[in-house]
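What follows is one structure encoded as structure tokens, with my remarks underneath.
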Amino acid sequence: MRFLTMLACCGVLLTVVAGCSDDRGSRSSLPAASPTRAAIESIGDLEVSDETGQKKRIMDYATADKLVVVFSRGFSGTVCPFCCSQTQSLASNYARIKAEKSEVLVVFPIQDAMEKKHSIELVEAARIVLKDANAELPFPLAYDVQAMAVDQLGIRAALAMPATFILDKQGKVRFSYVGRDPADRPRVEAIIKQLKSIQ
């Protein structure tokens, strides 16, 4: 049943795996989020929790020269299908991202620890494109409990606004993109292009 639910959520989006597009067509808009430059520049110091509940700074996940930080929208009865699609795209292109001396961190905002279990939908979405029913995400998944990092960044809008940041090895933000609606996210090709431009 969980697999069928995940297919309903994510499988239909396989046609947009390049996905979570940056097209600005006629989609319902979320309330505008306006993170300040100071908030964005502090992202590396924000705390998130790993699977065991241990708190870590986002920069603690920077095991390579560059770190791609992706905030999913979180959970509100269901996991956003565009988040599933974006996770699929990151997973299927992970080797290309690693080739740019980069790591990926996906942050899943939750209100309490009980909601962590819903992140399995992101894992199951990745399993489809990885063609492995037992695969884990090839990159770390962290949890933003009570959406504290989301609030510090100023990207809350019901759930979180979808957001992508690239940090260099000093923790400086070299690229930031906060979506205007649930589907408004940079394509993986755009992320890789940005990674190539960072020396």
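In the set (1) touching a residue at least 60 places away in the same chain (Cβ under 8 Å); (2) outside any loop (DSSP other than H, G, I, E, B); (3) under 30 Å from Ile198 (Cα atoms), Glu124 fails one condition alone, (3).
Only a single item in (1) charged (D, E, K, R); (2) surrounded by fewer than 21 Cβ atoms within 10 Å (Cβ to Cβ); (3) over 12 Å from Leu67 (Cβ atoms); (4) at pLDDT 95 or above is not met by Asp168, and it is number (3).
Name the one entry in Asp112, Asp60, Asp65 that is modelled with pLDDT under 95 and surrounded by fewer than 20 Cβ atoms within 10 Å (Cβ to Cβ). Give the derivation first.
Working: Asp60 fails: modelled with pLDDT under 95; Asp65 fails: modelled with pLDDT under 95.
So the residue among Asp112, Asp60, Asp65 that is modelled with pLDDT under 95 and surrounded by fewer than 20 Cβ atoms within 10 Å (Cβ to Cβ) is Asp112.
Take Ala158 and decide whether it is surrounded by fewer than 17 Cβ atoms within 10 Å (Cβ to Cβ) and more than 20 Å from Glu100 (Cβ to Cβ).
On the way: surrounded by fewer than 17 Cβ atoms within 10 Å (Cβ to Cβ): yes; more than 20 Å from Glu100 (Cβ to Cβ): yes.
It is true that Ala158 is surrounded by fewer than 17 Cβ atoms within 10 Å (Cβ to Cβ) and more than 20 Å from Glu100 (Cβ to Cβ).
The conditions are (1) at pLDDT below 95; (2) surrounded by fewer than 16 Cβ atoms within 10 Å (Cβ to Cβ); (3) in a helix (DSSP H, G or I), and Lys98 fails exactly one of them. Which is it? Looking at each condition in turn, Lys98 falls short on (1).
Give the residue, chosen from Glu136, Glu189, Glu103, that is of a type outside the set (A, V, I, L, M, F, W, C), surrounded by fewer than 21 Cβ atoms within 10 Å (Cβ to Cβ) and closer than 16 Å to Gly44 by Cβ. Don't jump to the end; show me each part of the working.
Details: Glu136 fails: closer than 16 Å to Gly44 by Cβ; Glu189 fails: closer than 16 Å to Gly44 by Cβ.
So the residue among Glu136, Glu189, Glu103 that is of a type outside the set (A, V, I, L, M, F, W, C), surrounded by fewer than 21 Cβ atoms within 10 Å (Cβ to Cβ) and closer than 16 Å to Gly44 by Cβ is Glu103.
Kindly indicate whether any position in region 40-56 is crowded, with 16+ Cβ neighbours inside 10 Å, modelled with pLDDT under 95 and touching a Ser or Thr at 6+ places or on another chain (Cβ under 8 Å). For region 40-56, residues crowded, with 16+ Cβ neighbours inside 10 Å, modelled with pLDDT under 95 and touching a Ser or Thr at 6+ places or on another chain (Cβ under 8 Å): present. Within the set Leu30, Leu7, the sole residue that is surrounded by 11 or more Cβ atoms within 10 Å (Cβ to Cβ), more than 19 Å from the chain's Cα centre (by Cα), closer than 23 Å to Val79 by Cβ and at pLDDT below 95 turns out to be Leu7.
The values are calculated or read from the model by the stated rules, or taken from the named source; none is laboratory data. This structure is a prediction, so every number in the text was calculated from the model and none was measured. For neighbour counting, all protein chains shown are included, and Cβ atoms are generated from backbone atoms with ideal geometry for every residue, glycine included.
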